[in-house]
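Mind looking over this structure? Questions follow.
Each reported figure results from applying straightforward, stated rules to the coordinates on display, with no laboratory input. Computed from a prediction, not measured in an experiment: that's the story for all the values here. Heads up, the Cβs are rebuilt from the backbone with ideal geometry, glycines too, and the neighbour counts pull from every protein chain shown.
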C-alpha cells in the first residue's frame, strides 16, 4: 500500500485535482457545500449543524475525520454511514483511475467522499478540513455556499507556522471570493484580525454570530460547546430563512459526538473499571485548558492520567495544565507507532515537573494498575478519585496517525473492537491489486489499525 501512497503528508493539491478530473469533478457539482476549518470545534460545530438541518427535514451528507471506531464514520450519507459495499466499490474505482500514481491516504479518502456525495445527492453537503485549510484536500472544492472558521489556536506548527497569524491565514485558505463566512469567537485577537482582513479582501460577507442561550439543552457537555452550537445555529439561520426555534432546540439536544468530554458507560473499559472514566479529544493546549475548566467544575477529586504521546508534542506543557488535579500518571508508548515517545521518555520528562509518573506496557495494564492503586509496581493506599483515561487522541495529518495525550476519541474505547480503521480501505486495495474475490469485511481488525501510520488527517 505504501508503494501506492508513499507520502504521509504532502501539501500538493495537483494530484487530487488530476484524479478528480477523471471523474468529471464531482466536488464541484454538489448542492450547498458548507466548508469548515479551524483548530478546535470543527467536528462539534459540523455535528450540531447537521442535527439542526435534519430536524428541519433536510437531507445532509457530511465528511469528517478522523473516525472513532469504523472507517465508514468519515462518510455519512443522509443519517447513515456509507456501507462497506459502496465504499469498496468507490475505492476500487478511485484506485483504478489513479493508476498507481503517488497519492496520500487522505486524498484517496476525500476523493471517495466526493464521489459518494455525488452518487447520493443531498440538500446540504458538509465538509470538515483535515489539516489546515489552504492546502487541505477538501479545498479543491470551488463552489461553496458558506465557509466557517472555528476557534484557531496553536497546533501543527511544523506544517502551518509558528505564529498565530500564519496559522489563521492557512485556515482562511478555504474562503472564496464573494462567499459568506462565519467566524466563530476567537480567543486570540491576532487570529481574528487576520481572518477579518482576508474576508474583506475577498469581499466575503462576515455573518455575525447569533448566540444560543445557556438555558438551551445541548447533547454535548461543556460550557464551550455553546460557542460551537452558536456557530452552527448561525449557519443554519443562513441556510434556512424560515428557521424554527423548537426544531433548532430539538437538533441541539439530540446532538452526539463521541469523545467530547464523554463519561464511559459501556464497553470493556467500563466493565473493567471501578471509577469514572472521562474521555475527550483535546490534543493541544487550548483543548487541554477547556477540558481542565470542565473537570474543575465536576468535583471529581483528583484523577489518574494515562498518557501516550508522539515525539513532536510537548508532553510537559500539556500535562502541566492538569497539575492541580492529578493523582497519578501512567505513561505508555503508542502501539505500532514508531514516532511515539517511550513510556520511559514520558516519565523522564514529567519527572522534571515533579509528577509521580509510572510506566506501563499498555493501556489495559495501566488501567489495571490504576485501579489497584499501584505506584511503580507497588500497591499503595488509594482514596476516591476519578479516572481520566487519557490514552491519547487520533490526530490525523494526511496519512499519519498522531495518537497522543488528551484522551481517546472513541465512543467506547474497546480494546478488542476499536480496530477497523483502514479495514475497508485495505480490503479494496487487496482486491484491486491482486484481482481476488471481494474480501469479507467482518468486525474489526487489530488495534494496529487504530494506531498505525495508515490512519490520518485532522485537527480535532
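Which length gain, in nm to one decimal place, applies between residue 81 and residue 339 when the Cα-Cα distance is subtracted from 0.36 nm times their residue separation?
89.8 nm
What FRET efficiency, computed as 1/(1 + (r/R0)^6) with R0 = 60 Å and r the Cβ-Cβ distance, is obtained for residue 240 and residue 364, rounded to the nearest 0.05?
Computed FRET efficiency for residue 240 and residue 364 comes out at 0.80.
If I model a spin label as a point 7 Å beyond the Cα along the Cα-Cβ vector, how far apart are those points for residue 352 and residue 314 in nm?
With each label point 7 Å from Cα toward Cβ, the separation is 1.2 nm.
Taking the Cβ of each residue in 315, 221 as the centre, tally the other Cβ atoms inside 10 Å and list the residues starting with the fewest.
Fewest to most other Cβ atoms nearby, the residues stand as 221, 315.
Okay, next question. Tell me, what is the FRET efficiency for residue 142 and residue 97 to the nearest 0.05, using R0 = 22 angstrom and their Cβ-Cβ distance as r?
0.60
Using 0.36 nm times the number of residues separating residue 223 and residue 21, minus their current alpha carbon distance, what extension gain do you get?
So the chain would gain 68.3 nm between residue 223 and residue 21.
So between residue 323 and residue 215, what do we pick up on full extension, going 0.36 nm a residue minus the alpha carbon distance?
35.7 nm
Can I ask one more? What's the ranking of 328-335, 46-53, 120-127 by average number of surrounding C-beta atoms within 10 Å, highest first?
Averaged packing, sorted descending, gives the order 46-53, 328-335, 120-127.
Between residue 178 and residue 208, what is the spin-label point distance in nm, taking each point 7 Å from the Cα along the Cα→C-beta axis?
That separation, rounded to one decimal, is 2.6 nm.
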